[in-house]
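Down below is the structure, laid out as structure tokens.
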Amino acid sequence: MLRLSWINGIAAGDLLPAANRADWLLCADKLIRGLNHPLYRKPSMRTLALVAVLVSVAPVPGHAQGALPDPARTPGAINPAVTPETIGTTICVRGWTRAVRPSREFTSALKRQQIREWGYADRRLGSYEEDHLVPLDLGGAPDDPRNLWPEPRDPGDGWGADRKDDLELVLNQLVCGGRLSLVEAQAAISANWIAAYRRFVNGAE
């Protein structure tokens, strides 16, 4: 006989986001009762019924698995200590970001939580970089979850985390060189970093 403990073990793990587990367990209970019906005594019919339940509760992949974050979840946030008047003693000082960068323990825990709660299909932590939408070297908030998201290292379209890193360096140099305002740089990268890359990196080539 199919046991509830087996299905409960799946639901309690990381195979389903928390939001789906209640639905899973409800369906599992109905499945256990239903598969004992004479109609499902044939193995083929039992398998068909099980597949139907699995499909009905499968999580929907999160929106933010592409190169751009979901603006509703990750709109970006600013460090109030960084202003146009203070860039000379903050983001334009070599090594300053090391003093404000959150711990690896914090970002790893947040990445794991967001991947699970947002229903990412690929749950391998190594597939993502927990990235600041507005980077620290442009005055982004260090530990505000609104400014952090699991950015795909290789989303399949070429717009991976490494290219955003290139953009961040260019924008920092422009701001610190007086060729771009801090506010404009922050707005550009938080609105659409791919468009900003095309404007400030490709456009400068």
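Return yes when Ala188 is of a type in the set (A, V, I, L, M, F, W, C), at pLDDT below 95 and either under 20 Å from the mean Cα position of the chain (by Cα) or farther than 19 Å from Arg73 by Cβ (or both) and no when it is not.
Numbers: of a type in the set (A, V, I, L, M, F, W, C): yes; at pLDDT below 95: no; either under 20 Å from the mean Cα position of the chain (by Cα) or farther than 19 Å from Arg73 by Cβ (or both): yes.
Considered against the rule, which asks whether it is of a type in the set (A, V, I, L, M, F, W, C), at pLDDT below 95 and either under 20 Å from the mean Cα position of the chain (by Cα) or farther than 19 Å from Arg73 by Cβ (or both), Ala188 comes out as no.
List the number of the failed condition for Ala64; all other conditions in (1) at pLDDT 95 or above; (2) under 28 Å from Asn202 (Cα atoms); (3) not in a loop (DSSP other than H, G, I, E, B) hold.
(1)
Within the range 148-164, identify whether any single residue is among the charged types (D, E, K, R), surrounded by fewer than 16 Cβ atoms within 10 Å (Cβ to Cβ), within 16 Å of Ser190 (Cα to Cα) and in the same structural domain as Thr89 (by TED's automatic domain parsing), and answer yes or no. Walk me through how you get there before you give the answer.
Initial filter on the range 148-164 (among the charged types (D, E, K, R)): 151, 153-154, 157, 162-164.
Filter again for surrounded by fewer than 16 Cβ atoms within 10 Å (Cβ to Cβ), leaving 153-154, 157, 162-163.
Going one step further and asking which of them are within 16 Å of Ser190 (Cα to Cα), we end up with 163.
So of that shortlist, the ones also in the same structural domain as Thr89 (by TED's automatic domain parsing) come out as 163.
Checking the range 148-164: at least one residue is among the charged types (D, E, K, R), surrounded by fewer than 16 Cβ atoms within 10 Å (Cβ to Cβ), within 16 Å of Ser190 (Cα to Cα) and in the same structural domain as Thr89 (by TED's automatic domain parsing).
Give Leu169, Leu174 a once-over and let me know the one that is surrounded by fewer than 21 Cβ atoms within 10 Å (Cβ to Cβ), among the aliphatic types (A, V, I, L, M), closer than 21 Å to Pro102 by Cα and touching a helix residue (DSSP H, G or I) at 6+ places or on another chain (Cβ under 9 Å).
Numbers: Leu174 fails: closer than 21 Å to Pro102 by Cα.
Just one listed residue meets the conditions, Leu169.
All but one of (1) outside any loop (DSSP other than H, G, I, E, B); (2) at pLDDT below 95 hold for Thr107; which doesn't?
Among (1) outside any loop (DSSP other than H, G, I, E, B); (2) at pLDDT below 95, the lone unmet condition for Thr107 is (2).
For the range 74-90, give me the residue count where each residue is buried (at least 18 other Cβ atoms within 10 Å of the Cβ) and at negative phi. Spell out how you get there, then give the answer.
As a first pass, look at the range 74-90 and keep what is buried (at least 18 other Cβ atoms within 10 Å of the Cβ): 74, 76-79, 82, 87, 90.
Filter once more, so that each one left must be at negative phi: 74, 77-79, 82, 87, 90.
Result for the range 74-90: 7.
When the range 143-194 is examined, which residues are found to be of a type in the set (Phe, Trp, Tyr) and either in contact with a Ser or Thr (Cβ under 7 Å, 6 or more places away or on another chain) or over 27 Å from Gln113 (Cα atoms) (or both)? Show your work before the answer.
Initial filter on the range 143-194 (of a type in the set (Phe, Trp, Tyr)): 149, 159, 193.
Passing the criteria: only Trp149.
Looking for something outside any strand (DSSP E or B), among the acidic types (Asp, Glu) and at pLDDT 95 or above - is there at least one such residue anywhere in the range 82-91?
If we filter the range 82-91 for residues that are outside any strand (DSSP E or B), which is where we start, we get 82-91.
Imposing the further condition that a residue be among the acidic types (Asp, Glu) reduces the set to 85.
From what's left, at pLDDT 95 or above: 85.
Yes, some residue in the range 82-91 is outside any strand (DSSP E or B), among the acidic types (Asp, Glu) and at pLDDT 95 or above.
Every residue in the range 189-205 that is free of Cβ contacts under 8 Å to residues at least 60 places away in the same chain and in contact with a Lys or Arg (Cβ under 7 Å, 6 or more places away or on another chain), please.
The one that is free of Cβ contacts under 8 Å to residues at least 60 places away in the same chain and in contact with a Lys or Arg (Cβ under 7 Å, 6 or more places away or on another chain): Tyr197.
Touching a helix residue (DSSP H, G or I) at 6+ places or on another chain (Cβ under 7 Å) and over 25 Å from Tyr197 (Cα atoms) - does that describe any residue in the range 135-148? Quick ask: steps written out before the conclusion?
First pass over the range 135-148, keeping only residues touching a helix residue (DSSP H, G or I) at 6+ places or on another chain (Cβ under 7 Å): 135-143, 145, 148.
Those still in the list that are over 25 Å from Tyr197 (Cα atoms) too: none.
Within the range 135-148, none of the residues are touching a helix residue (DSSP H, G or I) at 6+ places or on another chain (Cβ under 7 Å) and over 25 Å from Tyr197 (Cα atoms).
Can you tell me which condition Pro102 does not meet? The list is (1) part of a loop (DSSP other than H, G, I, E, B); (2) under 16 Å from the mean Cα position of the chain (by Cα), and all the others hold.
Unmet for Pro102, out of (1) part of a loop (DSSP other than H, G, I, E, B); (2) under 16 Å from the mean Cα position of the chain (by Cα): (2).
Any residue at all in the range 130-145 that is more than 26 Å from Val82 (Cα to Cα), charged (D, E, K, R) and in contact with a strand residue (DSSP E or B) (Cβ under 7 Å, 6 or more places away or on another chain)?
Keep residues of the range 130-145 that are more than 26 Å from Val82 (Cα to Cα), which gives none.
No; the residues of the range 130-145 include none that is more than 26 Å from Val82 (Cα to Cα), charged (D, E, K, R) and in contact with a strand residue (DSSP E or B) (Cβ under 7 Å, 6 or more places away or on another chain).
The values are calculated or read from the model by the stated rules, or taken from the named source; none is laboratory data. Here the structure is a predicted model, which means the values were calculated and not measured. Positions of Cβ are generated from backbone atoms using ideal geometry, with glycine treated the same way; all protein chains shown enter the neighbour counts.
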